[in-house]
Amino acid sequence: MISLTAADNKRCKSQPAAASGDTERESPSSSTQLRDHCRSQPRADTRSAHRAISGRYDSRHCYERLRHQGLRLRYATQLVRDRLVIAMPRTARSPPAVSNLLLPGPSTDLTQTSSEPDIPSVIIEPELRKITTRAKRTRGVDLIPGSEFTQFRIEIKEMLSSWKTEQEVTMSKLVKEVSDLKVQNEKIHKTNVDIEKALEFMNGQYEEMRTKIGILENERSLYNDNILRLEMKVEELQNSSKRSIVEFRNIPQKEKETAADLMSLVSSVGKVVNVEIPSTEVRDIYRGPGKPDMNKAVICELSRVQTKHELLAAVREYNKGRQHSDKLNTELIGVTGKRLPVYISEHLLPSARKLFHQAREFAKQHSYKYCWVVDGKIYLRKDDGMRAVWIRSASILSDLIQHK
């Protein structure tokens, strides 16, 4: 890095740039300074003094002047400096021939009286006879700092202009894209606001429907409980009205069978189990519904419930301890044909009959010892001495499985 003083900068600004191929000439003041300095200094310092005075306005100072005039790009300054240093290497200068010099001798008279601006070519002082003059080295056009710097500056300007144009195009594209994104963002924001409003409305509707559904479920539960209680009351009324009805199952049906024939069968059963059933005790007797290929049950409605209990107890006592073939059958009551077992039980409603079937299956699967019906009520007992369980519905069987 070349450092300049304030005085040097001022001088560089005041001096014009040297033209290509011209030789700088010293002013009279510079010649006077050179003469005075040579008189006061030894011969060894004369050359350095000449360089100190004449070298102030070389290309390096001109370059510094150009740098201080406006070049602020650090990289460009360094590049120009490097190129100038490479293009202008220091070379040793050879002195001109002695024959070209006019050296005054002891007897030579100086007759020239006019002022000579070219001090190095004519030496008028005897003390300076041994100082040689040197021709100014000419520079080519390509070595002039101003021309290269001007070209370089033009290239830099073109490069910056191109870069600026590209940046402007890029920035315009970016501005347009950002503008499009803003518009798109506004649309999306508006859509999101609409969606949020719709979601809020739907949430309100959902909460309202959820509240209504909860109320309806509670009402439904209450209605189901009421219906269940009503069904149980109806069944109790039906059972109470049919508490004296007895069923005789698996008895073959005769052709053109009458109520008298059915009454005769009931009387025969009473005689076998030692229970007297007079015709006055029978309120009604008929065949119940059933499939055509199956033996339909004989429904006998007695006038007293006590008679029903006596008949059922006598049948259980008769079958107790007997083999299957010896239990109550059609042959014992006088029915012709194949001997078939006869079953006597209480008459149950269809719902109670279904529940009784489920209770018997449950007793077989879970090792319950007893399953029976009394006055239309179904009971289960696990073992002797244990508490009997009243099976009101199928849910009771599920509870027994869970609490097993």
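Only the coordinates and a few stated rules stand behind these numbers; no lab work does. These numbers come from a predicted model, not from an experiment. A quick note on method: Cβ atoms are made from the backbone with ideal geometry, for glycine too, and the neighbour counts reach across all protein chains shown.
Before moving on, here are some points about what is shown:
- Max-minus-min Cα coordinates of the stretch 194-274 on each principal axis give 89, 28, 19 Å, with the largest extent listed first.
- Sum of side-chain charges, GLU257 neighbourhood, beta-carbon under 14 Å (Lys, Arg +1; Asp, Glu -1): +2
- Spin-label model, GLU257 to GLU219: label points 7 Å out along the Cα-to-beta-carbon direction sit 5.1 nm apart.
- Isotropically averaged projected area of the stretch 349-404, using the convex hull of Cα atoms (one quarter of hull area), nm²: 3.6
- Restricting the GluC sites (Glu not before Pro) of the stretch 271-377 to loop positions (DSSP other than H, G, I, E, B) with no more than 14 neighbouring Cβ atoms within 10 Å leaves GLU276, GLU331.
- Separation of the stretch 371-404 from the stretch 169-204 is 70 Å, based on Cα centroids.
- Other residues within the sphere of radius under 14 Å centred on the Cβ of GLU235, judged by their own Cβ, net out at +4 (K and R +1, D and E -1).
- Label zone at TYR343, where the point sits 7 Å out along the Cα-to-Cβ direction: the stretch 240-268 residues whose backbone N lies under 16 Å: 246-252
- Rounded to two decimals, the Cα radius of gyration of the stretch 298-339 over 2.2 N^0.38 Å is 1.38.
- Radius of gyration (Cα atoms) of the stretch 241-375, expressed as a multiple of 2.2 N^0.38 Å: 1.06.
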